[in-house]
Each structure stands twice: as C-alpha cells, then as structure tokens.
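Here is the structure we will look at.
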Amino acid sequence: MTTTRRMTVGQALVEFLAHQWTVDEVRGSDGETEIVRERTLPATFGIFGHGNVAGVGQALLEVGATSPGLMPYHQARNEQAMVHQAVGYARMHRRRATYACTASVGPGAANMLTGAALATANRLPALLLVSDTFATRVADPVLQQLEHPHDIGIQVSDAFRPLSRFFDRVQRPEQLFSIALAAMRVLTDPAETGAVTIALPEDVQAETLDVPAEFLADREWYIRRPVPERGPLARAAAAIRAAKRPLIVAGGGVIYSGAEDVLRELAEATGMPVSTTQAGGGALVWDHPGNLGGVGATGTAAANRIAAEADVVIGIGTRYSDFTTASRTAFQDPGVAFVNINVASFDAYKHGSQLPVISDAREALVALRDELDGHHVAAEYSEVVARAKREWDTLVDKAFEPTGGELPGQPEIIGVVQAGLDPRDVIVQAAGSLPGDLQKLWRVRDPLGYHVEYAFSCMGYEIAGGLGAKRGLLASGDDRDVVVMVGDGSYLMLHTELVTAVAEGIKLIVIIIQNQGYASIGHLSETVGSQRFGTRYRFANSPDFLPVDLAANARSYGVDVIDIKPGPDALAELGAAVTAAKASHGPTVIHLHSDPFVYAPEGHGWWDVPVAEVSELDSTRAARAEYVDQQQAQRPLLG
Ligand SMILES: Cc1ncc(C[n+]2csc(CCOP(=O)(O)OP(=O)(O)O)c2C)c(N)n1
Ligand SMILES: [Mg+2]
C-alpha cells in the first residue's frame, strides 16, 4: 500500500522541490565521465503578501522547522530582483541549478514579469511560484485582483504565459503532481529551459491533498546531452573541410555544456579561429591565439573582419542574436554557409542553415574533432587571423592607457578594474554602454569569468544578478570575487539587493559608473539623428546636473563605499579601491565619475535601429540617409 501524507498544496510543493536533483554526466574529452549531482532548487526566494503568506510561506516556515536546511528561505527587496538572482545563480551553475521564487498576488506577481522574460530570453532556468487570487472566487474581487469584465478568469499570472517556457495553474490540489513534474522537465531541459511558472491560487495553496511518498522522494533529472546524428555530422565536417575561411561563433551553449576544453582542442587541431557572443564570453581564454573576441554589432574589429569574409560559419550553442550577426550584416561572403550546432532545433535552423547539427555542444565538438582529424586551415589564413588578432590587441592596450582627460573614460576604467582582479573573478553587467565596451575590451580568463546578460539587456539586472552569481559560486565552495559594473541609470532603476547583500553578509564588489545619464542611448540617439533627446539626467528646466549622490545612497544601506572624486588621481584611486574591495569580507561599492564621450576602439559592427523616414529635422534626415546606405549590407535570407 502506498503511504500518503495529508499536506497542503504549498507544503507538498515545497517538499517536492527540495528533493529534486540535477544530474549531469560530463564526458571529458578523454572519454572519462564525471557525474555532477546537485540540488536543482537549493533554496527559495520569497516576498510575502496575502497570496502566499499562509500558503507557500507557511510551507517554507514548516519545512524549516521540521527539516532545517532542507529548503532555505531568502528574503529579497524586489520580486524582479529575486528572478535576477536566480538567473545569475543558474549561469554560475551552467544551468544545473536555480532558485524558486515565490511572489504574492497582483503587484508582487507582476513585479516578476521582467525577470521571467529575462530568464526565457537568456535560456537560463528560474522557477516562479506566482500567487493567484481565489479559485473559489468567494472573496472576490479580493485586494490586488485584476478584474476583466469580459473574462473573469484572467489573472495577473496570465501575463506570464508569453514570458515563460512553461506555464500552468494549480486550479485543484490534485493537479499538483502532474504540474510539478512537467515544470521540472522543462526547467532541466537544455533545449527548453527558461522561466518556468506555476500559478497558485491563494486558497488552493492552503488546501490539502493526500500526497504519496513517491512524490516527495528524491528524484533525479539527468540533463539531456543528445549526440549528433551521423548524417548531419558528416555533412558539417565535409563543409568545414572544404572551407577556406571558416569561423567559429561560440555562444552560451558552449559554457552550459562544459564544452570549453573541447572547443579549445578543436580550435588548436584545425586552426579555425573562434569568435564569441556575449553569452559565449569565456568559451575560450582571451589570449588564445585563435580567439578573436566578440563578433557582431559590439564585436571586435578582428572578429568582424574575419566574419565578413568567412565562407563557413560554425555556430556552437548560439541563438544568433541580432547583435551577433550585426543585424545580418556581419557575414558578407556570397556563398557563406552556416553549420549550426545547437541542442535546440529552433536555433540550429537559423539563417536558413542547411547544415544544422542538433546536438549538445560538447558531444558535437568531440565528434567533430574526431571527424576532422588531420584537417588544418591553410597557413595563409592562419596568418590573416593572427594579424587581425594582433592588431586588435594593440588597439585594446592603447584604449587602456590614460587619456589624461578631466574624467577617465570607460575603457581606461575597464583596464584598471581588470588589472586589479584575479583571473577567475567574475564580471557581471547587462545594459548601457558597458556591455559593448566589455565585449570589446574585457580579457576573459575563465569560462565563468564573464557574465553579461545581453539577451534581454535589462537595466537593473546587474546588482541582483551579481548577487545571485556570488551565491551560486559560494554554494559550490568557490570564493572567487564577483564584480558588478553598473551605470548610474541602471543603478537607479534597481539596486536594492545591496540591502540583501548587507543583510546576509555576502561579499560583492559593485562599481558604479556615474556619467549623469543614459550615455549609451545618448550616443545611439545621436547616430540616429535624435540629438540625445531625453537621455541626460538634468533638472527639468536647466542644464545643471542633478544633486544625486549615489555613493551616499549606497552608504545609507550599510555598504562600505569608496567614493572617488574627479581629479588626476581618479584612476590610481580606482586601482587601490579595487584592491581594498577584494580584501574586504563584505559588500563594497566603488563610485566614480566617467566621461561618457570616450569610446572603445571601433569594431565596425552595425546595429539596425530604424530612423524616421521623413522629418523636418536636418539631423534626422542625415541619419536616415546614412541608415538607408547601411541597410544595403543586410542579408535577410542568409543561408
Ligand atoms: C529596463 C530597461 N529599460 C530601458 C532600457 C533601454 N536602455 C538601454 S541602456 C539604457 C541607459 C543605461 O544607462 P546607464 O546605466 O547609466 O549606462 P550608460 O548608458 O550611461 O553607460 C537604456 C535606457 C533597458 N535596456 N532596460
Ligand atoms: Mg550612465
């Protein structure tokens, strides 16, 4: 006879989640297999309101009382930031683990929408337990309920449907079993993962059901690592052998499947150059002779030069974002072919690829390495690649040199920060002018060392995502530092997880770059003829800077703050501040002013930002002419 326990839906769900394990059979390039087994959901974030306080909240209290440590609870300041933390955590765990996030009904739930979209866009797992108003509708319309006269059943949680890879609502307690299992499948599936949302009406959370022991027992989710089919692999290998100017585009999938060693081996064995996407930063160390750095709109001149003439592009674990392809202008060879290795067929077929290889990145690279045994690109091509890299590296060295201007530019700041860090330290960023500058300038020295959230490029991700990344590292017993660089705009949008860092004593280094506004969009605005409209932080009716003091703001939360005043010693002080922050045991904010008009070296990538077709403004008309000209290079049907 099956033993059962009478439990609430909230209790059963929390206990179920606490017993889920991810298992990853990591096959080394030598054929040896290492088993990585870890809790899929090691903890839960929660902010409580009437939707979850007595349901999932009570369950977290109870599990903490009866089984201490089984499902730790962490408070956050903002529901969106809970999801950012879960995503940062997942990135450091190569998608094997994430956090559950519980939010109350109405605004608490709605606050997680941005996080859901971010997780889904980045293909990084996050489990969202979103509260709903009453299933019985006895208390109706309850506080924070969304009432739609034409469809009373629509709730705030329905807004998660397009933002999630999985969505379901536990309308009746009995549905919990099938919904929980289906949610776990998607969460741990490399081709499907993203935001996984379980909507939980507040009354149902507190209702009971008989829960069989098997539902609460340890359950293992083996990460799918599909191997390539023979035909597609052979065709891909043949195309690569025939290529004169092949280029690898390494995406986040390389890191999520732990394929960086095999990538290096393949690059070395064949001499094929490697470029990276934002999510693929770290797939190969920067100073590997074959690493040309980022490709695309914010890529390096080296990668973009080689990309422009590549005849076979080998995408590995990339979703080919618009930035990676420079809005479909990056690849200009008339006959360019795409070998797309991806665990998701959706991505493998992108750019009309006729050489899709649907496979785990590592498995495909191991197989390709064997298939391409003895193959090497021509010596002349290697020379072209080496020269492009050398020239770019020299430009970067120059960009790091102090300009001697009144305020340091971002490139100099990046150089000083990088110089003060250890090779394994992690840089975290998401939006503004920093992602582009970092993609060009940051010299990645470790597979996990570069986390720029650039699928959603969400302002406000940085501090919360960085905190999640730090939690992820700490959970693996890894004490390397996480360094968040954040613009003043992003900081103002969402920085309150600094309080969480203080509350839990989590070390985090945050560098705020104050340039009095949205410098990146200001620059973009200028190039599209919109004259930096609405991008500066100024008084409404004067050009003066605002008296905002972000250093004082951070200090008010109990964070150690190093405030660097403008002056000739600012860069030296920044170097010393980074050293001090690294030596500290708690969170440190470093605040400094920067000149928004100093740019990173030109990488020759384009970005399609449509310009008004007609205008009374000269600036807009000029930009339109330029835009139409640039569009000529677009290849909408790249095969
Ligand atoms: C949530 C969100 N809103 C708007 C944008 C559009 N956006 C991208 S960068 C940016 C400005 C960022 O300002 P800041 O953080 O100060 O960086 P800076 O551009 O000055 O380097 C804006 C508004 C965004 N990426 N995310
Ligand atoms: Mg700014």
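Pick from the stretch 471-486 the residues that are open to solvent by less than 10 Å² (accessible area, probe 1.4 Å) and in a helix (DSSP H, G or I): which of them is farthest from ligand 1 (Cβ to nearest atom)?
Result: L473.
Among the listed residues R245, R225, R185, which satisfies the condition of being within 23 Å of S359 (Cα to Cα), of a type in the set (D, E, K, R) and touching a helix residue (DSSP H, G or I) at 6+ places or on another chain (Cβ under 8 Å)?
Criteria check complete, one pass: R225.
Can you give me the number of residues within the stretch 532-545 that are more than 16 Å from ligand 2 (Cβ to nearest atom) and either β-branched (V, I, T) or open to solvent by 80 Å² or more (accessible area, probe 1.4 Å) (or both)?
5
What helices (runs of 4 or more DSSP H) lie completely within the stretch 48-141 and have 2 or more residues being within 16 Å of ligand 1 (Cβ to nearest atom) and at pLDDT 95 or above?
In the stretch 48-141, 79-92, 113-122 are the helices (runs of 4 or more DSSP H) which contain 2 or more residues that are within 16 Å of ligand 1 (Cβ to nearest atom) and at pLDDT 95 or above.
Go through (1) modelled with pLDDT of 95 or more; (2) away from ligand 1 (no atom under 12 Å from the Cβ); (3) not aliphatic (A, V, I, L, M) one by one and return the number of the condition F545 breaks.
Among (1) modelled with pLDDT of 95 or more; (2) away from ligand 1 (no atom under 12 Å from the Cβ); (3) not aliphatic (A, V, I, L, M), F545 violates only (1).
Which condition from (1) touching a residue at least 40 places away in the same chain (Cβ under 8 Å); (2) touching a Lys or Arg at 6+ places or on another chain (Cβ under 7 Å) is the one that L550 breaks?
Unmet condition: (2).
Being outside any loop (DSSP other than H, G, I, E, B) and within 10 Å of ligand 1 (Cβ to nearest atom) is true for just one of G468, G489. Which residue is that?
Of the residues listed, the single one that is outside any loop (DSSP other than H, G, I, E, B) and within 10 Å of ligand 1 (Cβ to nearest atom) is G489.
Can you find, within the stretch 515-542, the residue that is farthest from G575 (Cα to Cα) among those that are near ligand 1 (Cβ under 8 Å from one of its atoms) and among the small types (G, A, S)?
Once the filter is applied, the top-ranked residue is G522.
I'd like to check something: does the stretch 45-60 contain any residue that is farther than 17 Å from S104 by Cα and either outside the structural domain of L508 (by TED's automatic domain parsing) or touching a residue at least 60 places away in the same chain (Cβ under 8 Å) (or both)?
Scanning the stretch 45-60 turns up no residue that is farther than 17 Å from S104 by Cα and either outside the structural domain of L508 (by TED's automatic domain parsing) or touching a residue at least 60 places away in the same chain (Cβ under 8 Å) (or both).
I need the full set of residues from the stretch 492-514 which are within 13 Å of ligand 1 (Cβ to nearest atom), assigned to a loop (DSSP other than H, G, I, E, B) and crowded, with 24+ Cβ neighbours inside 10 Å, in order please.
H495
Of the residues A600, A633, A581, which is assigned to a loop (DSSP other than H, G, I, E, B), outside the structural domain of L355 (by TED's automatic domain parsing) and surrounded by 15 or more Cβ atoms within 10 Å (Cβ to Cβ)?
Criteria check complete, one pass: A600.
State whether the residues of the stretch 337-344 include one that is within 23 Å of the chain's Cα centre (by Cα), farther than 18 Å from T188 by Cβ and surrounded by fewer than 24 Cβ atoms within 10 Å (Cβ to Cβ).
So far as the stretch 337-344 goes, no, none of its residues is within 23 Å of the chain's Cα centre (by Cα), farther than 18 Å from T188 by Cβ and surrounded by fewer than 24 Cβ atoms within 10 Å (Cβ to Cβ).
Could you list all residues from the stretch 372-393 that are more than 32 Å from the chain's Cα centre (by Cα) and either open to solvent by 80 Å² or more (accessible area, probe 1.4 Å) or on the phi > 0 side of the Ramachandran plot (or both)?
Result: D373, G374, H376, E380, E383.
Any chance you could count how many residues in the stretch 413-451 are outside any loop (DSSP other than H, G, I, E, B) and away from ligand 2 (no atom under 16 Å from the Cβ)?
Of the residues in that region, 13 qualify.
(1) away from ligand 2 (no atom under 13 Å from the Cβ); (2) over 30 Å from T298 (Cα atoms): which one isn't true of V548, the others all being true?
With (1) away from ligand 2 (no atom under 13 Å from the Cβ); (2) over 30 Å from T298 (Cα atoms) applied to V548, the lone miss is (1).
Select, from G489, G517, G529, G522, the only residue that is over 30 Å from G477 (Cβ atoms), open to solvent by less than 40 Å² (accessible area, probe 1.4 Å), more than 16 Å from ligand 2 (Cβ to nearest atom) and touching a Ser or Thr at 6+ places or on another chain (Cβ under 9 Å).
It is G529.
Could you list all residues from the stretch 394-424 that are crowded, with 19+ Cβ neighbours inside 10 Å and in contact with a strand residue (DSSP E or B) (Cβ under 6 Å, 6 or more places away or on another chain)?
Residues satisfying the conditions are L407, G409.
What is the one condition in (1) within 32 Å of the chain's Cα centre (by Cα); (2) surrounded by fewer than 18 Cβ atoms within 10 Å (Cβ to Cβ); (3) in a loop (DSSP other than H, G, I, E, B); (4) not aromatic (F, W, Y) that V614 does not satisfy?
Every listed condition holds for V614 apart from (1).
The values are calculated or read from the model by the stated rules, or taken from the named source; none is laboratory data. Not measured: the values here are computed from a predicted model. Every residue, glycine among them, receives a Cβ derived from its backbone with ideal geometry; neighbour counts consider all protein chains shown. Surface areas here come from the heavy atoms of the whole protein model, side chains and all, with no ligands, DNA or RNA. Shrake-Rupley method; radii C 1.70, N 1.55, O 1.52, S 1.80 Å.
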